[in-house]
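Everything on this sheet refers to the single structure shown next.
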């Protein structure tokens, strides 16, 4: 028996009676929750041949089933379900890893993957919705349309991918919440191409939700557009659908991404500036010639449109949609010197009839100022000679301002000191502070008075001194 992958979808809701017994405050006339509506509407979207009735939350797994995937919806915020196997043992979310089971627990559903499940009757215990059913998925496959073999850098490519169950599209509305299509390009590391060693390029991610480039929601088909904005070379396209428990991947044959097949030849016109305000100068337009360089492109079908940014910041639009094989020529207004930037989009057909939309690399060119040749003169005018002589003359010495300031400070300081010296009646000897001053001689009267005072205070000492004077007096007479 071929390998079967079972997907159990249990649309969860409590019966009206159970809602009344949970809490007395619940209103039986309250509006039904949006998730409850989604659960019942989901049953209408599922293929009839993949549905079997679920009786009292029980289901049966046949023999020789290699793997089963269960997607069980429950009341939002409730605890994860408990699976009861045919032998009576129970499987819980926190013990799933011990039994080799992959279990993803979300707020409103459980996604469970079991390998080699036990055959027989199973039971799911939890806050499940009544009238639930089981959807059996015999095979989950990802189909992607092949890419063109002659893609170009800057081209916008549209892809279509389908996720099927037994060759039937999976269009269950709630299933889209866990599905996303990822598009990547992997370098083949071929040294003959420019993308050698470039690794992996993340291109786009799409969902089957009817938003963005997806055409219709809930149809099991991923449609999208993306631009090939990476270097030319040999690449391997890969498409991946990821869910919390499994991955489906499609790898296509390598493709060669070619360089843009349209080039631009630019002929800028000179810019003449008027010599006087009254002079009127008519500027010639700049010319841009677009040529098709790849023979795979039908040159007669190429149409061009875009916009140009002028040096003064203005933006203009243009369109070249004339039929014919002649190269497309664009005339740009001459807005003076500066940078001109063009953004060009091309529409056309390949020789095999394939339509393409191509965004060319940014085109830019710079117009420089006009350079005038200096006139040749036999002799320079006198005023120019005077200017040259003045420039070549030796510089005049600078005024010694600092020296003048210091001299004035010294003069003012010296005058002030002299005034202070005279006012305080100082003598010249006072300035010689390093010399020791001599004691002044005392007069004879002062000496006599001092001796008398000394004799009065100490008669004994005076007598002793007199005695000693009589003995040791060696003084000479004045005569």
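Each value in this text was obtained by applying a stated rule to the coordinates, not by laboratory testing. The structure presented is a predicted model; accordingly, all values stated were derived computationally and were not measured. So basically every Cβ, Gly included, is an ideal-geometry build from the backbone, and we count neighbours across all protein chains shown.
At a glance:
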quantity: Pairwise centroid distance, computed over Cα atoms, of region 301-354 with region 81-96, Å; calculated: 67 Å
quantity: Protection proxy ranking, peptides 147-156, 352-361, 398-407, average beta carbon neighbours within 10 Å, highest first; calculated: 147-156, 352-361, 398-407
quantity: Residue 408 paired with residue 309, simple spin-label distance in nm, labels 7 Å along Cα-to-beta-carbon; calculated: 6.1 nm
quantity: Two-site FRET efficiency, residue 189 against residue 141, from Cβ-Cβ distance with R₀ of 41 Å, rounded to 0.05; calculated: 0.90
quantity: Label-point separation, residue 116 to residue 341 (7 Å along Cα→Cβ), nm; calculated: 6.4 nm
quantity: Gyration tensor verdict on region 140-257 (Cα atoms; rounded if a/c is under 1.5, prolate if a/b is larger than b/c, oblate otherwise); calculated: prolate
quantity: Per-pair calculated FRET efficiency, R0 = 22 Å: residue 319 and residue 365 via Cβ, rounded to 0.05; calculated: 0.60
quantity: Protection proxy ranking, peptides 304-315, 227-238, average beta carbon neighbours within 10 Å, highest first; calculated: 227-238, 304-315
quantity: Ordering of 197-206, 379-388 by packing [mean C-beta count within 10 Å, highest first]; calculated: 197-206, 379-388
